[in-house]
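See below for the structure under consideration.
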Amino acid sequence: MPKDTELVNKNINIATKSDTMNSLIDKNNTKSVSDSETIIKVKSVIPRKRQELLKWYGWGYKDSMFKLEDGHATFTGNRYLIGGKTLPHCLQWVNENFNVDVNKTPKIPQLPDSYTKSRLPDNVRQELEKIALVSVDGLDRLIRAHGQTLKDISLLRSNSFKRIPDAVIWPESHEQVVQIVQCASRLRFVIIPFGGGTSVSGAITCPADEPRPIVVLDTSDMNSILWMDKEQLLARVQAGIVGQDLEREMRARGFTVGHEPDSYEFSTLGGWVATRASGMKKNTYGNIEELVVQTKVVTPTGVIEKSCRVPRISCGPDWEHVVMGSEGCLGVVTEVTLKIRPLPAVVRYGSLVFPDWESGFKFEREVARQRLQPSSIRLMDNEQFRFGHAVKAESSWGGVILDGLKKFYITCIKGFDPHKLCVVTLLMEGNSDQVSDREKKLNAIAALFGGIPGGAKNGEVGYTLTFVIAYIRDLALEYDIVAESFETSVPWDRALALCDNTKRRVRHECARRHIHRFLISCRLTQTYDAGCCIYFYFGFNSAGCADAVATYEEIEDAARDEILASGGSISHHHGVGKLRKKWYEQTVSSPGRRLLLAAKQALDPDNIFALGNMAFDEYTPEHVVNSKL
């Protein structure tokens, strides 16, 4: 394996084994079906008792977190590049932006000692236990009562959810899911599909007013690779497999799926389909809709699956696309046939430094115009750049000192202002000649807009920063800082104005509420022929705020109004859920909303999947979905 590729494995937390061990894995965990069809039962990194490995009250691994103590900042654990290291610039960054007292005791919640009693009737539990493993344990239910929105985590830390699931069930196969759904239709309880629990739209949060018992269908035991066809470059995979497990198994056999959303370590294949997800390397491998060839979905009225596995079909509307983005409201995705690719021979990072945001933006636009995008190309604004500097373990300046590139050269010779400069991070894949040629062309285009190379190490750090940035919110909450991210897609000609308008609106909303210590930043994360994805990060010091979460939501709602008014979308890849449903009809039109409700009536007329996302209301006996049609 090339050195560059080995580096990627370390960065994205893939624990690859030796060739000998891979051979043993194949022999012990597979049952031969044919040369191209082999069942691989995957041992997941994440256990069924998720709290044994993951934080019960926040994001990610419980041995990985930012800490402020003894006058310095650290990141614990050894799973990430900054793990176990002191971060010399972090405290200064926190103080400059939020002015918090880092000497006070952080607010770390204690595990609850009581939970809402399960409403699941004994007869329903007994029926379910005939099908698969069932738990009514309070902690099992609490952990699966939420996603990762700011509101979810706030309610979780205070154990104040109005409603949590009444039971959790772990099916192992498509057939068991069929039985569970049939049981729900017969005995009248609600099913909420649960994958990795990484939703940031409120999509899996229990409807507070639902009178029926709620059962979470945890797909994590459905994580087998049912077959791989190395000639056709296809794999059939159960939908509960976690991203890092899927990629590890594929890499062990010389292949990759290439789908790396920010939540890649914890989110599942079924969740990617249900939310219409996008990955950081979509330029090479495609978004989820371009990776999926076929799905199998269990609904209360039957199983949806195309009768043939073909690259394209002209047979009326593509119902595969009704499933993708359905957010658990129509059924459960159980199996997915998706494209795989041979591992690239070379994987190389890179970075470019630009004097300002507009210069970097024009570079990205020209790269997209020429269709020269590498696997990943991301532009950070100056605030994002300085955050990256704050979480660097080295004492180097601004994350751009490498290969002889010095602060003096950037600021004095090139004249870049440290408070305006921006950085583009690159990830290039292919054979040696392809990667070298792409790098040369990108550097040439960058020079046209005043950009200069920033080195491979900075590209590596910038890319992998994506996997640790989510951990900062847990630290923030410990010191009364509320923070969240939100994204949009926008046409190229409106992107610069959208970024300016949204930042201006956030600053205005903060000023109206006398919030003086806050941060609003953005990055351009994905590019297309017709536009790009912009990711915003916003947080503020909430000390003295009566309801910090509600205040945050008010400001973010205003920002979203500004995004829509500036020509942006309701979402690029996070979906709608419950948080953004008030903009749903405005986005898809009134006939579009009615079409969604018609699909619900056809597939789930009794509202078994009563999540209340998108255009769907929470269930009440007097007001079911078909009354709207």
Practice problem: Could you list all residues from region 245-269 that are more than 22 Å from residue 489 (Cβ to Cβ) and either part of a loop (DSSP other than H, G, I, E, B) or open to solvent by 10 Å² or more (accessible area, probe 1.4 Å) (or both)? | Solution: 248, 249, 251, 252, 253, 254, 255, 257, 265, 266
Quiz prompt | Odd one out for residue 67, checked against (1) at pLDDT 90 or above; (2) open to solvent by 70 Å² or more (accessible area, probe 1.4 Å); (3) in a loop (DSSP other than H, G, I, E, B) | solution = (3)
Quiz item: So residue 391 fits all but one of (1) buried (at least 18 other Cβ atoms within 10 Å of the Cβ); (2) outside the structural domain of residue 172 (by TED's automatic domain parsing); (3) of a type in the set (A, V, I, L, M); (4) at pLDDT 95 or above; what number is the exception?
Solution: (4)
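Given the options 105, 74, 86, name the one that is part of a loop (DSSP other than H, G, I, E, B), outside the structural domain of residue 243 (by TED's automatic domain parsing), among the β-branched types (Val, Ile, Thr) and more than 23 Å from the chain's Cα centre (by Cα).
When all the criteria are applied, what remains is 105.
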Exercise. Report, ordered by the first and then the second residue, all pairs with beta carbons closer than 6 Å, sequence separation of six or more or different chains, a first member in region 273-292 that is farther than 21 Å from residue 312 by Cβ, and a second member that is among the acidic types (Asp, Glu) and open to solvent by 10 Å² or more (accessible area, probe 1.4 Å).
Key: 274/327
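I need a count of the residues in region 217-239 that are of a type in the set (A, V, I, L, M), open to solvent by less than 10 Å² (accessible area, probe 1.4 Å) and either assigned to a strand (DSSP E or B) or free of Cβ contacts under 8 Å to residues at least 40 places away in the same chain (or both). Spell out how you get there, then give the answer.
Filtering region 217-239 down to residues of a type in the set (A, V, I, L, M) leaves 217, 222, 225-226, 228, 233-235, 237, 239.
After this cut, where a residue has to be open to solvent by less than 10 Å² (accessible area, probe 1.4 Å) as well, the list is 217, 222, 225, 235, 237, 239.
Next cut, either assigned to a strand (DSSP E or B) or free of Cβ contacts under 8 Å to residues at least 40 places away in the same chain (or both) only: 217, 225, 235, 237.
Adding up the residues that qualify gives 4.
Does residue 139 satisfy being open to solvent by 10 Å² or more (accessible area, probe 1.4 Å) and assigned by TED's automatic domain parsing to the domain that holds residue 192?
Numbers: open to solvent by 10 Å² or more (accessible area, probe 1.4 Å): yes; assigned by TED's automatic domain parsing to the domain that holds residue 192: yes.
Yes: the conditions hold for residue 139.
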Self-check item: Pair list, Cβ under 6 Å, 6 or more apart: region 508-528 residue at pLDDT below 95, other residue of a type in the set (Lys, Arg) and part of a helix (DSSP H, G or I)
Solution: none
Quiz item: With respect to the numbered conditions (1) at pLDDT 95 or above; (2) not in a helix (DSSP H, G or I), which one is the sole condition not fulfilled by residue 550?
Solution: (2)
Quiz prompt | Extreme residue, most open to solvent (accessible area, probe 1.4 Å), among residues of region 511-523 that are in contact with a helix residue (DSSP H, G or I) (Cβ under 6 Å, 6 or more places away or on another chain) and among the aliphatic types (A, V, I, L, M) | solution = 519
Practice problem: Tell me which of these residue 208 doesn't satisfy, since it passes every other one: (1) farther than 19 Å from residue 305 by Cβ; (2) touching a helix residue (DSSP H, G or I) at 6+ places or on another chain (Cβ under 9 Å). | Solution: (2)
Quiz item: Considering only residues of region 454-502 that are basic (Lys, Arg) and either part of a strand (DSSP E or B) or in contact with an Asp or Glu (Cβ under 9 Å, 6 or more places away or on another chain) (or both), which is surrounded by the most Cβ atoms within 10 Å (Cβ to Cβ)?
Solution: 473
Self-check item: region 240-258 residues that are within 18 Å of residue 271 (Cα to Cα), paired with ones that are basic (Lys, Arg) and assigned to a loop (DSSP other than H, G, I, E, B) (beta carbon under 6 Å, 6 or more apart)
Solution: 258/281
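Scan region 276-303 for residues that are more than 26 Å from the chain's Cα centre (by Cα), open to solvent by less than 50 Å² (accessible area, probe 1.4 Å) and not small (Gly, Ala, Ser) and jot them down. Talk me through it step by step, then tell me what you get.
Restricting attention to region 276-303, the residues satisfying the condition of being more than 26 Å from the chain's Cα centre (by Cα) are 300-303.
Among the residues that remain, those that are also open to solvent by less than 50 Å² (accessible area, probe 1.4 Å) are: 300, 302.
Of everything in region 276-303, just one residue is more than 26 Å from the chain's Cα centre (by Cα), open to solvent by less than 50 Å² (accessible area, probe 1.4 Å) and not small (Gly, Ala, Ser), namely 300.
The values are calculated or read from the model by the stated rules, or taken from the named source; none is laboratory data. Remember, predicted model here, so these are calculated numbers, not experimental data. Glycine gets a Cβ as well: all are built from the backbone with ideal geometry, and neighbour counts include every protein chain shown. In case anyone asks, the SASA skips ligands and DNA or RNA and just uses the protein heavy atoms, side chains included. Shrake-Rupley method; radii C 1.70, N 1.55, O 1.52, S 1.80 Å.
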